[in-house]
Amino acid sequence: MTRMITFSQAINEALQLAMRKDENVILMGEDVAGGAEVDHLQDEEAWGGVMGVTAGLVQEFGRDRILDTPISEAGYIGAAVTTAATGMRPVAELMFNDFIGSCLDEVMNQGAKLRYMFGGKAKVPLTIRTMHGAGFRAAAQHSQSLYGMFTAIPGIKVVVPSTPYDAKGLLLAAIEDDDPVVFFEDKTLYNVKGEVPEGYYTIPLGQGEIKRPGSDLTIVGIGKQVQTALTAAEQLVKKGIEAEVVDPRSLSPLDESIILDSIMKTNRLIIVDEANPRCSIATDISAMAADKGFDYLDAPIKMITAPHCPVPFSPALEDIYLPTPDKILKVVSEMIEDDSIVKL
Amino acid sequence: MTRMITFSQAINEALQLAMRKDENVILMGEDVAGGAEVDHLQDEEAWGGVMGVTAGLVQEFGRDRILDTPISEAGYIGAAVTTAATGMRPVAELMFNDFIGSCLDEVMNQGAKLRYMFGGKAKVPLTIRTMHGAGFRAAAQHSQSLYGMFTAIPGIKVVVPSTPYDAKGLLLAAIEDDDPVVFFEDKTLYNVKGEVPEGYYTIPLGQGEIKRPGSDLTIVGIGKQVQTALTAAEQLVKKGIEAEVVDPRSLSPLDESIILDSIMKTNRLIIVDEANPRCSIATDISAMAADKGFDYLDAPIKMITAPHCPVPFSPALEDIYLPTPDKILKVVSEMIEDDSIVKL
Amino acid sequence: MKISEEMVQGITSEKAKWMYQKMCEIRMFEDRVHELFGQGLLPGFIHLYAGEEAVAVGVCAHLDDKDSITSTHRGHGHCIAKGCELDGMMAELYGKATGLCNGKGGSMHIADVEKGMLGANGIVGGGFPLATGAGLTAKLKKTGAVAVCFFGDGAGNHGTFHEGINLAAIWNLPVVFVAENNGYAEATPFEYASSCTNIADRAEAYNIPGEVVDGKDVTAVFDAAQRAVERARKGEGPSLIECKTYRNYGHFEGDAQKYKTSEDKKSHVEELDALKTFRDYLIRQELVTEVDLDEMERSVKEAVEKSVKFAEESPLPTAADLTKDVYVSYETPERGEQ
Amino acid sequence: MKISEEMVQGITSEKAKWMYQKMCEIRMFEDRVHELFGQGLLPGFIHLYAGEEAVAVGVCAHLDDKDSITSTHRGHGHCIAKGCELDGMMAELYGKATGLCNGKGGSMHIADVEKGMLGANGIVGGGFPLATGAGLTAKLKKTGAVAVCFFGDGAGNHGTFHEGINLAAIWNLPVVFVAENNGYAEATPFEYASSCTNIADRAEAYNIPGEVVDGKDVTAVFDAAQRAVERARKGEGPSLIECKTYRNYGHFEGDAQKYKTSEDKKSHVEELDALKTFRDYLIRQELVTEVDLDEMERSVKEAVEKSVKFAEESPLPTAADLTKDVYVSYETPERGEQ
Ligand SMILES: Cc1ncc(C[n+]2csc(CCOP(=O)(O)OP(=O)(O)O)c2C)c(N)n1
Ligand SMILES: Cc1ncc(C[n+]2csc(CCOP(=O)(O)OP(=O)(O)O)c2C)c(N)n1
Ligand SMILES: [Mg+2]
Ligand SMILES: [Mg+2]
């Protein structure tokens, strides 16, 4: 039962299962099929999403349920909000999370607030899938990691999976969820393979996972940076240091206790996040720990993040923009005051 | 030399002085004059801004320099970006900061990133004035405090003044500044009076101020919450507790050393901010302190904020949504472990 | 102004009564809110619909509960025309727990999803995509429902106008876009802010029908809306109707209205008043008797007073309500100290 | 297709040479970039302009450095037509320190403000307000400059189209909006996504002139642009020109182009090729000799090769560049550990 599929396939499979299970589930987005109304592509897609993540679905579900949209993010994301509020369960794709600039109102002021403003008399079971992350040489407007912006918005739930297994189970949970959920997909993870069972399963939002147990320090990673943390953790073993790697998986709700329990044990906290460093999920987790976990901590809370600058195009710059295992080793070395760690 | 004017007048005066000093300074926004092309209002405004903050300016500077705009935030904020990049020094008004949903792209992906993406070969001397804050019974879409969202964006500077004096000096500095600055005005402060000198003066961005010295604990307040902190501090004196109240004044750049110096002295930190609690400036300051100031701290870092919910309309709810001096006293009492404080 | 009399056939006596009743409800509700606000009894921003009654009523006359509408910051009239209860509305404006939104929305977010009223909106232009979404559900679920988007002349310059209408047009959705052109967006004249002569002229850019009607004449609105709603129900796609109208009060309560001319104001409020014209018409056409009209006015007045009493006597929401209904489900500890 | 011969008068021999030269530069630059990308030498997303040369060149023929243009994700052609150096462009695509943006922008953000090229843009529809802003400066400072906004057929459905054009129209700004209708937005046909028949039809909604031209015919583009640019310079406000064109390559490098038909592709690439048609025209009209044309082609080929060599030999940016030029001035300590 060790079926290995990619992150991208896991998402595709989750969409397929969700659409089979509930006919109210529809997909909307730019080129989620592609080639709409092209004569020779009636039952087939031209693209299946800009990265092919939704490929093959139009064959099974048809163009009535896989809706290509114009380049009108405010239009179709806003439409998705009320499509959800009036009885459907749409999964709208915001191709790159950077495009939220074109439709923040629909997410922040409409989708997120409808239920509260109406005194609980509406629900918005909307899932927004969106790509984030640097490392793709896609430059400043296609590489941001904006989950912090969404986590800040009451009424929105936020999911950032780090493995194919989590991606499938969390996406199914997001689609089942009766609140608006923004589901982040790191474009550089799409081809990463992992073990994923075939059937339908969900992972509850708000439940983190210890990706690697350890007793000496806690590293919380966000999305792909969980992998960076795991790589660093493996290297730390050579120095006899056992790092516990925690993956919150969803940022809102955030599993605070998994983090607090971990630092209760390790007394040290590092957060690895590739988003920019100000008012971010890294600061959010740090502040939570500096409040509720202060008494467990023996050392400053460190955040390994991108610098306060846009994502540069040049690979030479983008590579140093991102967190790396080496940067983690350097910080651990300072934290544990053992210089030899950096030279591992 | 104690001229007392309101927060609103201080802003008006700053705009007037900036426009006199530099003919490239223009104002743009919805009804910043009001009544454009109405026959009987050629040299006069109908409104001078929705709250009258820009009233009287059109009489002096005319409608060529005070431009009423359609309800097209993406259009005119985007236009302001290149108007700035091509030689003007526009001050654009985003009436309520909540309307950023209509023009985030122009701020985040264009204005903020132009300079970096172009390798330093452009500058964007744009100031965006915008209203924020709860307490006005303006409900969920007109009461948010979104400075955290802007602080997170590299390339943007963020100012949140708490007094008329600061508002004037900081706005003049913002307009002089060669980078895009978002200047936040708390709508509930407009009628608050304070001492303001008549002439032209600037307060450097990135320079906080101790609004009240103290040695027992540090309270960092954001915008209007500086006043809440000061009120609480006065009450604490009765218990022999001297709170130091720090006003960062600009959030980006943030004067980290004024905060660190303060906690070095007091060993205790509370942040009072009326924004929602996740990925916020409160978490940002807390995380900064939990990293760089950890060794000075004797107690958990506390954040007194709004809850994770939209701003409710009902005054009965809005009043408990906001931070209050009592909430500060309660937290201080827990921090200093003296229950009598809450009963002050 | 003369009412377009050829339309008497389209309006039954029963419908005529409903229409006049709703117009009265709106007018009297708004006049009363104006008073209450003046007395300092109502918090927040209040935008009154008085003067524009014919638009909401002429359009909603063709809708029932399964149809949806999206509204604006000036939403009381749409609420009433779509069948919302005055008690719950007034209580909402007072911020009471018995309000339509439990006091959480207020005037700018007043809503009643059960009645198909998808909410007033504090964001100008917010309604275009939302109406399109409701239309999409109707099409996908084949409910036969229609969605109506009411919007102001100022909103017609927002990007969502373009995106929402284009989307509804290419997907051939059952949506009717109703411009309420009252000549101003806040203090900015329509002619200054909009490069078009009529908002309806913009319909061509989307290959949909566009029509200008006298928005003070409820029969003209009724007529145009009938065509558009039928078209939508038959699966023929969206339409745009522009209703030329006038707001009797300021943009919001407190506006000195320097931008208006007194002649315009006088003619609109005195001569062209939508209620007065419709009342005269009903009597002339013998659709409703004067006695019935008088009785309706009296009972609406009573209903409005009752709503004030209801609102005043209703309880405020309590602390426990503050963080309720942010989500359907959310399992996370509290954040920050409140 | 026959070139519109009546236009020969408008185009001097010198201008004709410049136009052909720029079209060659674009074509050869793009073909070379296509090769380099295929060889894995260029990182990131690359959108090629080959096939659409006549649009950028026909329009920019009327502009000089003080005029501004805003571009799209498909920006190389606009850069070249606006006078950017090939060396700096190619180095930018390689992410080198010598690139037009010091390697920080890449293909999607390539810019040269000195030349009035205000940037390619990764955000579809991003250019409308930006062009309008440049037009506003020109009007306020009375520079006589014009701003041109190039945009795709897909961008025509974004809200910024509506807001940017309406703003330029009501302020009567010197802006020319140039639609490059290549039939597709990514893999989505124009006819599906847009409710209008022609993008230029939408001009009416803003009371500005709208014109459809054959975008493969540089003389037709030149002619329409001349009228629009003159109008703008004379203070008569914005115009919209729609150029019907075709992109020879995929949406981006790597696109299998399933949505195209082979007939269309063949006819556009072989028969209707903008360079071939213009070349034939120039010879027929005796505006440029064949010898000169051959020589131009040879020297452009050389210049492109030189740019590749320049780019390859250029240094990469260094760590110190990473956080440079985020701000003009910013005094704050580093945040986070990097
Ligand atoms: C996106 C946005 N921009 C600006 C505002 C502020 N505002 C509220 S109402 C209004 C005028 C609306 O005018 P119009 O659409 O004509 O409607 P009317 O008030 O005349 O009914 C403005 C500018 C807003 N609420 N939302
Ligand atoms: C706001 C936004 N939405 C979506 C995209 C993704 N995207 C990039 S190019 C493109 C198609 C653009 O089509 P068109 O405007 O016709 O230009 P063309 O590529 O044909 O030159 C899309 C959808 C984007 N970059 N920005
Ligand atoms: Mg209006
Ligand atoms: Mg195209």
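The values are calculated or read from the model by the stated rules, or taken from the named source; none is laboratory data. None of these values were measured; they are calculated from a predicted model. Reconstructed Cβ throughout: ideal geometry from the backbone, glycine too, with neighbour counts over all protein chains shown.
Taking the numbered list (1) surrounded by fewer than 24 Cβ atoms within 10 Å (Cβ to Cβ); (2) more than 20 Å from the chain's Cα centre (by Cα); (3) over 27 Å from A:LYS123 (Cβ atoms) in turn, A:THR6 passes all entries but (2). I'd like the full set of residues that are assigned to a loop (DSSP other than H, G, I, E, B) and touching a residue at least 24 places away in the same chain (Cβ under 8 Å), limited to region D:313-338. Selection gives D:SER314, D:PRO315, D:LEU316, D:PRO317, D:THR318, D:ASP325.
Taken together, the criteria place A:MET117 among residues that are surrounded by 24 or more Cβ atoms within 10 Å (Cβ to Cβ) and without any contact (Cβ under 8 Å) to a residue 40 or more places away in the chain. From the list B:THR130, B:THR151, the one residue that fits, being surrounded by fewer than 24 Cβ atoms within 10 Å (Cβ to Cβ) and either within 23 Å of B:ALA306 (Cα to Cα) or without any contact (Cβ under 8 Å) to a residue 40 or more places away in the chain (or both), is B:THR130.
If you check D:GLU30, D:GLU35 for being surrounded by fewer than 24 Cβ atoms within 10 Å (Cβ to Cβ), more than 14 Å from chain A (Cβ to nearest Cβ) and part of a helix (DSSP H, G or I), only one passes: D:GLU35.
Output the residue which, of all residues in region C:135-147 that are surrounded by fewer than 24 Cβ atoms within 10 Å (Cβ to Cβ) and either small (Gly, Ala, Ser) or at positive phi (or both), is nearest to ligand 1 (Cβ to nearest atom).
Here is the first cut: in region C:135-147, the residues surrounded by fewer than 24 Cβ atoms within 10 Å (Cβ to Cβ) are C:139-145.
Next, only the ones that are either small (Gly, Ala, Ser) or at positive phi (or both) stay: C:142, C:144-145.
Values: C:LYS142: 33, C:GLY144: 30, C:ALA145: 25 Å.
By that ranking, first place goes to C:ALA145.
For region C:148-155, the count of residues that are modelled with pLDDT of 95 or more, buried (at least 24 other Cβ atoms within 10 Å of the Cβ) and in contact with a Cys (Cβ under 7 Å, 6 or more places away or on another chain) is zero.
One residue alone among D:GLU302, D:GLU290, D:GLU270 is modelled with pLDDT of 95 or more, surrounded by fewer than 21 Cβ atoms within 10 Å (Cβ to Cβ) and in contact with a Lys or Arg (Cβ under 9 Å, 6 or more places away or on another chain), and that residue is D:GLU290. Residue pairs whose Cβ atoms lie under 7 Å apart, separated by 6 or more positions or on different chains, with the first residue in region B:59-71 and within 14 Å of chain C (Cβ to nearest Cβ) and over 28 Å from C:THR72 (Cα atoms) and the second of a type in the set (Asp, Glu) and not in a strand (DSSP E or B), are B:GLN59/B:ASP43; B:GLN59/B:GLU44.
Just one residue in the set C:GLY144, C:GLY135 is over 14 Å from the mean Cα position of the chain (by Cα), under 11 Å from A:THR82 (Cα atoms) and more than 15 Å from ligand 3 (Cβ to nearest atom); that residue is C:GLY135.
Look through C:LEU130, C:LEU167 and report the one residue that is away from ligand 3 (no atom under 16 Å from the Cβ), buried (at least 24 other Cβ atoms within 10 Å of the Cβ) and touching a residue at least 60 places away in the same chain (Cβ under 8 Å).
C:LEU130
Looking at region D:152-233, the helices (runs of 4 or more DSSP H) lying wholly inside it that each contain 2 or more residues that are within 14 Å of chain C (Cβ to nearest Cβ) and within 16 Å of ligand 1 (Cβ to nearest atom) sit at D:159-170. In region D:212-225 there is no residue matching the filter, namely being free of Cβ contacts under 8 Å to residues at least 60 places away in the same chain, crowded, with 24+ Cβ neighbours inside 10 Å and within 15 Å of ligand 4 (Cβ to nearest atom).
Applying the condition of being facing chain B (nearest Cβ under 9 Å) and of a type in the set (Phe, Trp, Tyr) to region A:87-118 and asking which residue is farthest from C:THR323 (Cα to Cα) yields A:PHE99.
Summed over region C:42-80, residues that are over 15 Å from C:CYS243 (Cα atoms) and either outside any loop (DSSP other than H, G, I, E, B) or within 16 Å of ligand 2 (Cβ to nearest atom) (or both) total 6. Tell me, please, whether a residue that is crowded, with 24+ Cβ neighbours inside 10 Å and at positive phi can be found in region A:272-284. Within region A:272-284 (the criterion being crowded, with 24+ Cβ neighbours inside 10 Å and at positive phi), the answer is yes, since at least one residue qualifies. On inspection, C:PRO238 does not qualify as surrounded by fewer than 23 Cβ atoms within 10 Å (Cβ to Cβ), touching a strand residue (DSSP E or B) at 6+ places or on another chain (Cβ under 9 Å) and within 26 Å of C:ALA138 (Cβ to Cβ).
Within 14 Å of chain C (Cβ to nearest Cβ) and within 16 Å of ligand 1 (Cβ to nearest atom) - does that describe any residue in region D:119-133? Yes: region D:119-133 contains one or more residues that are within 14 Å of chain C (Cβ to nearest Cβ) and within 16 Å of ligand 1 (Cβ to nearest atom). Put simply, of C:ASP64, C:ASP112 the only residue that is surrounded by fewer than 21 Cβ atoms within 10 Å (Cβ to Cβ), away from chain B (no Cβ under 14 Å) and out of contact with any strand residue (DSSP E or B) (no Cβ under 7 Å at 6 or more places or on another chain) is C:ASP64.
How many residues, within region A:36-54, are within 11 Å of chain D (Cβ to nearest Cβ) and in contact (Cβ under 8 Å) with a residue 24 or more places away in the chain?
The qualifying residues number 5.
One residue stands out among those in region B:125-171 that are charged (D, E, K, R) and farther than 17 Å from B:LEU104 by Cβ: the one that is nearest to the chain's Cα centre (by Cα), which is B:ASP166.
Can you find a residue that is touching a Cys at 6+ places or on another chain (Cβ under 6 Å) and on the phi > 0 side of the Ramachandran plot anywhere in region A:333-344? No, every residue in region A:333-344 fails to be touching a Cys at 6+ places or on another chain (Cβ under 6 Å) and on the phi > 0 side of the Ramachandran plot. Report yes if B:LEU94 is within 16 Å of ligand 2 (Cβ to nearest atom) and either of a type outside the set (Ser, Thr, Tyr) or surrounded by fewer than 24 Cβ atoms within 10 Å (Cβ to Cβ) (or both), otherwise no. It is false that B:LEU94 is within 16 Å of ligand 2 (Cβ to nearest atom) and either of a type outside the set (Ser, Thr, Tyr) or surrounded by fewer than 24 Cβ atoms within 10 Å (Cβ to Cβ) (or both).
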